[in-house]
Every structure is written in structure tokens, then in C-alpha cells.
Amino acid sequence: MVVKKYIVIILFMFFTVVNVSEAIKFENYNVVFNINQSDGVHGNIYLAMYNNDSEKISNITYILPHIIHNVKVTSNKNISHIDEFYEEGSTKITIKFKDPIKKGERCYINISFDGDMIWNKYGKKMFSATIPAVNSNFTMTVILPQGASVVSPAEGLLSITPQDYTIDTDGKRIYIRWNRKLSKEDKYFTATVSYILQPVNYTTNKNALLNDFYYNLLLVILVLVVIGALYGVYYEKKKVAKRDKVIKELSERVNNLVNDLNTLKIELENKEDIISELKRKNSELVDELSNQLESYKSDVIKLNVKLEELEDANKKYREELEKNKEIISEKEKIIEDLKNTIKTYKNNIEELKKKIKEYEKTLKNMLMDILTEEEKTIVNLIKEYGEITQKEIVEITGMSKPKVSRIVADLENRGIIKKVKIGRINKLALTDKFRWE
């Protein structure tokens, strides 16, 4: 029953990878399993792919027939989401990209994880891993823990399968590697390694360490003796060199002092000449400053006179300013009176406007009183419509056309209405004199 389930998982895994590989070419397929001494296995799967057929690939699904954990996925493409699904002893990993892999574009995926792939029986351990197969250059490496040695799991059984492997070591750990061309027809690749962990001989290591300690101690003592002797020779040479250096420096300082003394004598003689020259220049400068001082005094007297003149002018300006202030005050009063007069005129104008309105109202009433009923009807129609034709008046009032013509002619002669030509039509309107609001 277990074998049947295992076969179903392998077939499901195979068909999933085949569906993807129809659009993707796998250029490299590298798998590394690192086993520690606690039977823990850390796996790393590297897939280098090339989209040679599909317009775009948005996700990749990878299935391992093992239960794994601590899964981490990295890629040169931006990953939007990673799904993990566990079923019947397998792990399904679906990787979704933010930007799909376009046709002609390369992509790599690196899947790292931890898993339980070690069987332990009677001290003998067996590592077994199954990987889905695709058309690719395939490499699998199994790194055994330190102190491990390869053994046969039982009589008549091979220690490592399949047999086309190479084995190497760095002196501490054993590396077992398979390099081959995989084909999707292989469906899967399974590798097994049987090994045991050898106990470490701590007693032998302890004696070796003790012997190394005494040897290193003797070597250190000899090195210290040689260093001490060399330092003594170096110290004596340094003392002699220091003494010679001090004597040389003192000689140079004495010579420098003698040279400085001679220089000072020459400078002193030069300074006496300089002092005489400075005295002469000082006398000339005093005379020049005295002359300038007299000139400045004369300028100060002139400035005082000018200042008095400016004060008198300022006084006159202030008097003029006071007079101007009085004139400005009078002008302001006149302006205020004018403002009041203008205000009075405005009030009078408002009164006149009111009277004109009352007059117009009275005139309208008087005009309406002297008009006949038929004339009032025609005047009111013209007022209501603003502009109207005689024909429209006939239609609205029902009067005869001759009667309307007679009344209109009479009103026009009296200056109450007027004819306005609009295009080819004459319309009737109130004259400006009788146009009431």
C-alpha cells in the first residue's frame, strides 16, 4: 500500500514538471544535501531555466516526495507569493512571480530547506533522496558528516546508489557527487548512501596535544633568548648613536650661536642708521601734521559759519512751514464747506428727481384722463408689449382696421406714440416722453 502511494506521488510529480518543461528549457539543475552529525539534512536546489516557447510563465510548481520545512526561495525574478502544500509524504511548492517570465528570458530559482531523510538502524545510517527528473545537466552532491565512513547496509547490498558517482574528501568530510544528463523520461532520480559515524579517540589526541605543548614551550623559550640577545646589541648601538647625535647637535648649536651673534652685531649697526633715519622722518612728519592741523582749524571755523547759516535757513523754513500749516488749515475748512455744499446739492437733486417722478406720474394720470377708452386700450397694449404692429392691435382688440389706423394716427400726431421700422415692418412704440416705468 505504501509502495502504491509512493508511485502515485512520483507520477504526479513527473506530470507536473513535464507540463512546465514543455515551455521551459532547464539549463542547469544542481542539488546539494548537507548532513550533520545529528542526522539533520539541509538541502539546496538550484534551477537555471530559459523560456523558449511560452509567451509568459506566471508560476512554477516543484514537488518533492519528502516532508520538508524551513523552506526559503530566492530568484532573480520578483516573487509575489510562495505556497507550500503537504500531502501523503510529499511537499508541493508553488512559486508565483510578480512579473511573468517572458519568451526568450532566463530565470533562476534557489530552494533551500531542512528535511528528515536519514534511516538509522543498529548504528548504520542510510541517506535516501528522490528528485524529479527533467531534461537538464544534473548534479547532485551529498556531504556526509565529519567522522563518517561509507559502509554496506547489509550483505550483498551496495553502499552507494546509483554507481556512476565520484567520491572526494577535504580531510574531514566525504563528498559524493553524481554528474549526468537527465531526461524527463527518467521521471525521477533517487540516490542512497549508507554510512556509520566513527568514534573519536580522545586519549590519543590528548597525548598528542601534550607533546605539542612541550615542543611549543621549548621553541618559545629559544625564541625569547635570541630576541633578548639581539635587543641587547641593538640597545648598545642605539646608546652610542644617541650620544654621537647629541655631540653633533651641540656642535651645530654652538656654531649657530656664533653666527647669530655676528648677525646681531651687523643688525645693531644697521638699526642705528635706521633709528637716525626714523628721527629725521618723524621731525618731517611733525611739521607736516602741524601744517595740516592749522588747515583743519581753518576748515572748522568755516564749517561753524556754514552751520550758523544753515540754522538761520532752518529757522526761516520752520516759520514758512508754520505759515503753510495755517494756509493748509484754511484750505481744509474751504474743502469741508465745499463737501457740505455738494452734499446739499445732492439732496436737492434727489428732491428734484422725486418731483420729476411725481410730475411724470401726474402727467400720465392727466394723459390717461384725457384719452378715450379705445385710446387707453391701444396705449396700454403698446406699453405692455413694448413694440407692436397695427395688425396685432386689430387682432387683440377686435377693432376695425380703419378705426385703429385713425386712433394710431391721432396718437402719433399728439406725440404719444411713434413708428419704429424693424426690417420691412413698422411697429408702434411709446415715445420717450411717455415711456413710464
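The values are calculated or read from the model by the stated rules, or taken from the named source; none is laboratory data. On a predicted model such as this, the values are computed, not experimentally measured, just so you know. Glycine also receives a Cβ, built like all others from the backbone with ideal geometry; neighbour counts cover every protein chain displayed. Keep in mind that these areas ignore ligands, DNA and RNA; they rest on the heavy atoms of the full protein, side chains included. Shrake-Rupley method; radii C 1.70, N 1.55, O 1.52, S 1.80 Å.
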| task | Using a 10 angstrom cutoff on alpha carbons, build the Gaussian network for the chain and name the most mobile of Ala23, Ala148, Ala313. | result | Ala313
| field | Accessible area of the chain divided out per residue, in Å², using a probe of 1.4 angstrom | value | 72
| task | Quick one: angle between helix 401-413 and the longest Cα principal axis of the chain, in degrees between 0 and 90, rounded to 10, please. | result | 80
| note | Using alpha-carbon positions, the gyration tensor of segment 286-410 gives root eigenvalues a ≥ b ≥ c; with a/c under 1.5 called rounded, otherwise prolate if a/b exceeds b/c, else oblate, the class is prolate
| query | Which whole-angstrom value gives the distance between the alpha carbon centres of segment 135-195 and segment 250-324? | reply | 105
| query | Quick one: helix 202-370 against the long Cα principal axis of the chain, what's the angle to the nearest 10°, folded into 0 to 90? | reply | 20
| remark: In the chain the accessible area split gives carbon plus sulfur, as whole percent at 1.4 Å, a share of 56
| Highest GNM mean-square fluctuation, the chain, Cα pairs closer than 10 Å: which of Pro402, Pro162, Pro153? | Pro402
| message | For the chain, take the longest principal axis of its alpha carbons; what is the angle in degrees between that and the long axis of helix 2-21, to the nearest 10 within 0 to 90? | response | 50
| Loop chymotrypsin sites (Phe, Trp or Tyr not before Pro), segment 281-387 (other Cβ atoms within 10 Å of the site Cβ: 11 or fewer; DSSP) | none
| field | Under 10 Å, Cβ to Cβ, from Val408 - net charge with Lys/Arg +1 and Asp/Glu -1 | value | 0
| Cα to Cα, under 16 Å, and not fewer than 8 places away if on the same chain: which lysines meet these conditions relative to Lys315? | Lys306, Lys323, Lys325
| query | Are any of the pairs Lys339/Lys418; Lys25/Lys172; Lys102/Lys187; Lys92/Lys181 more than 32 Å apart by Cα-Cα distance, and if so, which? | reply | Lys339/Lys418; Lys25/Lys172
| message | Rounded to the nearest 10 Å², what accessible area does Leu285 have for a 1.4 Å probe in the complete protein model? | response | 90
| task | Taking only Cα atoms and a 10 Å spring cutoff, compute GNM fluctuations for the chain and point out the largest among Ile111, Ile274, Ile407. | result | Ile407
| said: Is the C-alpha gyration tensor of the chain telling us rounded, prolate or oblate? Criteria: a/c under 1.5 is rounded; beyond that, a/b larger than b/c is prolate, otherwise oblate. | reply: oblate
